[in-house]
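Please read the structure below before turning to the comments.
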Amino acid sequence: MKKFIFVILTIVAAVLTASAVDFSGSKDAIKRFCTARGMTRAHVGLCVMDLQTGELKVAYCERDSFIPASVTKLVTSATTMKAQPDGFSFITTVACRGSIDDNGTLKGDLVVRASLDPTVESRFFKEHPSFIAGCLRAVKRCGIKKIEGRVVVDNTIYRENPVPDAWEDPDVAEDYGAGLFALNYADNQALLKFETTADSLRLVEVMPKYAFGALDNRARIVSAKSAAGLRFFRKKNSETLRISGSMSRRNKPYTYRTTMSDAHRAFVNALTDSLAAHGVEVEGHNHERHHGEETIMFYSSPLLDDIVKSLLYRSDNMFAEAILRGNSVGFNKTITRKHSLKKERHILKEWDVDLRHVNLYDGSGLSRSNHFTPVFLASTLRAAYLDPKLGKRFSALLPVCGRDGTVRRLLKDTRLDGRIALKSGSMNAVQSYAGYFPADEPRYAVVLMANKFTCSHSDIRKLIETLLLGVLAESPADESNES
């Protein structure tokens, strides 16, 4: 009886919350937004959908197709959480391939079987156990003192190019442009440290080592007045990082975070160096024949929910690509982007989400080949929230405006501060937001997408704040309750 009364009270509270929003000013708010400076030639879509009924409370160009940018990560995350069981994590294993003699010599290779785990030695999961430290302990437990062969990464699970074809080259060298490998290491990023001499920029350290194959350094040291800034560039799936431009001389080292061209190589060298530092020499001989194989370590990533929360807060593209492929982990021996997208579309169809005018290209939204409609994204958010497996488990992972992640400044110190959970998406002439309102007890899916605007991103964010405050207006009843 008590449980029944609680359910009734919850439903009543939800109805009261829903009725506390006044959408009557939406048309005027949208008109002001679309006619603001820098927006007159923009393509704008807006959709506010009732999560329970599917009714569109606010709709403007809701079935038009837009470049979504990073709100793509919401679709990726929700469908992967649906595909995988509760408590899922990526499992990477380490095996000895060959025999161990009485002297502690492994006559073969140490094999690391990759799992697509994006968090191995990630700086965003510092409290999670270290993979390399765990591997060292496992090797010691086996009594191995020397490895005649090599440290080998088994990439059977994923063999595609790290960077998809439709990603743009100027993004590849930026830290957000890290590609996806079968084994990902240290966020697939590298920190470069330079010193300036009289006329050149000198690379003095790369952390981790062997993060890329070659450096084409064309940077010049000039006077402060003449300095135009440095430009870092690497073509997709290329080994060469090119530096051009100019900067003035500095007394302190100059650092730059870029992406790895080969995470496997960087990982193998890091593990090999760590083994050597702990008294285990890796000789690096090729062994054509191996006798037997024994798994000596199982390494679990953080839980999928924790990975999703981290990538949504920070809008991490590499993590999102791993999550997209992760919807097929355990179901297929070898995984491809296209196969994972097929799995994603299958889940969306099961949720009865309309996929017309929608193109899904990647998991992160970094490609401009992605195209969504606002109603597609709102319907996906609704389906995820109503799914018994996801519900608040998913909605609670989104950053909250005024508080978290990339939206911590959006709507700060307004009446929507802390009350709406949104994922942002941004690239040149693209700005999107999508999520749930209210944040703690969602009643609506909210989606806003803008393409081809000519104002700055800071200006459009101010306009979006005004628009959201106008669309999600307080009813008189709600205002009296607050007072």
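The values are calculated or read from the model by the stated rules, or taken from the named source; none is laboratory data. Not measured: the values here are computed from a predicted model. Ideal geometry is used to build each Cβ from the backbone, glycine not excepted, and the neighbour counts take in all protein chains shown. Areas reflect the complete protein model, heavy atoms only, side chains present, ligands, DNA and RNA absent. Shrake-Rupley method; radii C 1.70, N 1.55, O 1.52, S 1.80 Å.
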Task: Residue identified as in contact with a Cys (Cβ under 9 Å, 6 or more places away or on another chain), small (Gly, Ala, Ser) and more than 21 Å from ALA450 (Cβ to Cβ) among GLY54, GLY108, GLY87 - done: GLY108
- [ ] Can you tell me which residue among GLY213, GLY229 is surrounded by fewer than 17 Cβ atoms within 10 Å (Cβ to Cβ) and under 20 Å from VAL151 (Cβ atoms)?
- [x] GLY213
Task: Residues located in the range 184-194, provided they are in contact with a strand residue (DSSP E or B) (Cβ under 8 Å, 6 or more places away or on another chain) and open to solvent by 10 Å² or more (accessible area, probe 1.4 Å) - done: GLN189, LEU191, LYS193
Open item on the list: Considering only the range 340-353, I want to know if a residue exists there that is under 18 Å from the mean Cα position of the chain (by Cα) and not in a helix (DSSP H, G or I).
Closed with: no
- [ ] May I ask you to list the residues in the range 376-395 that are open to solvent by 20 Å² or more (accessible area, probe 1.4 Å) and within 16 Å of THR72 (Cβ to Cβ)?
- [x] SER379
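Yes or no, residue by residue, for (1) modelled with pLDDT under 95; (2) more than 25 Å from PRO68 (Cα to Cα); (3) assigned to a helix (DSSP H, G or I); (4) not acidic (Asp, Glu):
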site: TYR256; (1), (2), (3), (4): no, yes, no, yes
site: SER261; (1), (2), (3), (4): no, yes, no, yes
site: LEU271; (1), (2), (3), (4): no, yes, yes, yes
site: GLY279; (1), (2), (3), (4): no, yes, no, yes
site: HIS290; (1), (2), (3), (4): yes, yes, no, yes
site: ILE296; (1), (2), (3), (4): no, yes, no, yes
site: VAL308; (1), (2), (3), (4): no, no, yes, yes
site: PHE319; (1), (2), (3), (4): no, no, yes, yes
site: THR334; (1), (2), (3), (4): yes, yes, no, yes
Open item on the list: Take the conditions surrounded by 24 or more Cβ atoms within 10 Å (Cβ to Cβ), in contact with a helix residue (DSSP H, G or I) (Cβ under 9 Å, 6 or more places away or on another chain) and among the basic types (Lys, Arg) and apply them to ARG325. Does it pass?
Closed with: yes
TODO: Being touching a Lys or Arg at 6+ places or on another chain (Cβ under 9 Å) and β-branched (Val, Ile, Thr) is the filter here, so list the residues in the range 148-160 that pass it.
DONE: VAL152, VAL153, THR156, ILE157
Open item on the list: On the basis of being in contact (Cβ under 8 Å) with a residue 40 or more places away in the chain and under 19 Å from SER70 (Cβ atoms), does VAL172 make the cut?
Closed with: yes
Task: Test result for ALA434, open to solvent by 10 Å² or more (accessible area, probe 1.4 Å), within 14 Å of LEU312 (Cβ to Cβ) and in contact with a strand residue (DSSP E or B) (Cβ under 8 Å, 6 or more places away or on another chain) - done: no
Task: Residue among GLY425, GLY418 that alone is in contact with a strand residue (DSSP E or B) (Cβ under 9 Å, 6 or more places away or on another chain), open to solvent by 10 Å² or more (accessible area, probe 1.4 Å) and modelled with pLDDT of 95 or more - done: GLY418
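How many of the residues in the range 459-477 are at pLDDT below 95 and open to solvent by 30 Å² or more (accessible area, probe 1.4 Å)?
2
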Open item on the list: Return the residues of the range 371-392 that are closer than 15 Å to ASP86 by Cα and outside any loop (DSSP other than H, G, I, E, B); say none if nothing qualifies.
Closed with: ALA384, LYS392
TODO: Would you be able to say whether some residue in the range 301-310 is under 22 Å from VAL172 (Cα atoms), under 22 Å from the mean Cα position of the chain (by Cα) and open to solvent by less than 40 Å² (accessible area, probe 1.4 Å)?
DONE: yes
TODO: Check the range 343-362 and report whether any residue there is closer than 17 Å to SER426 by Cβ and modelled with pLDDT of 95 or more.
DONE: yes
Open item on the list: Taking the condition of being open to solvent by 10 Å² or more (accessible area, probe 1.4 Å) and under 18 Å from the mean Cα position of the chain (by Cα), how many residues in the range 396-409 meet it?
Closed with: 7
Task: Number of positions in the range 238-282 that are surrounded by fewer than 19 Cβ atoms within 10 Å (Cβ to Cβ) and aromatic (Phe, Trp, Tyr) - done: 2
Task: Count of residues meeting criterion [more than 18 Å from the chain's Cα centre (by Cα) and open to solvent by 40 Å² or more (accessible area, probe 1.4 Å)] in the range 356-370 - done: 3
Open item on the list: Which condition from (1) in a loop (DSSP other than H, G, I, E, B); (2) under 22 Å from ALA59 (Cβ atoms) is the one that LEU397 breaks?
Closed with: (2)
Task: Index of the failed condition, THR72 passing every other in (1) outside any loop (DSSP other than H, G, I, E, B); (2) surrounded by fewer than 24 Cβ atoms within 10 Å (Cβ to Cβ); (3) not aliphatic (A, V, I, L, M) - done: (2)
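Would you check if LYS235 is part of a loop (DSSP other than H, G, I, E, B), out of contact with any Cys (no Cβ under 8 Å at 6 or more places or on another chain), open to solvent by 60 Å² or more (accessible area, probe 1.4 Å) and at pLDDT 95 or above?
Here the answer is yes, as LYS235 does meet what is asked.
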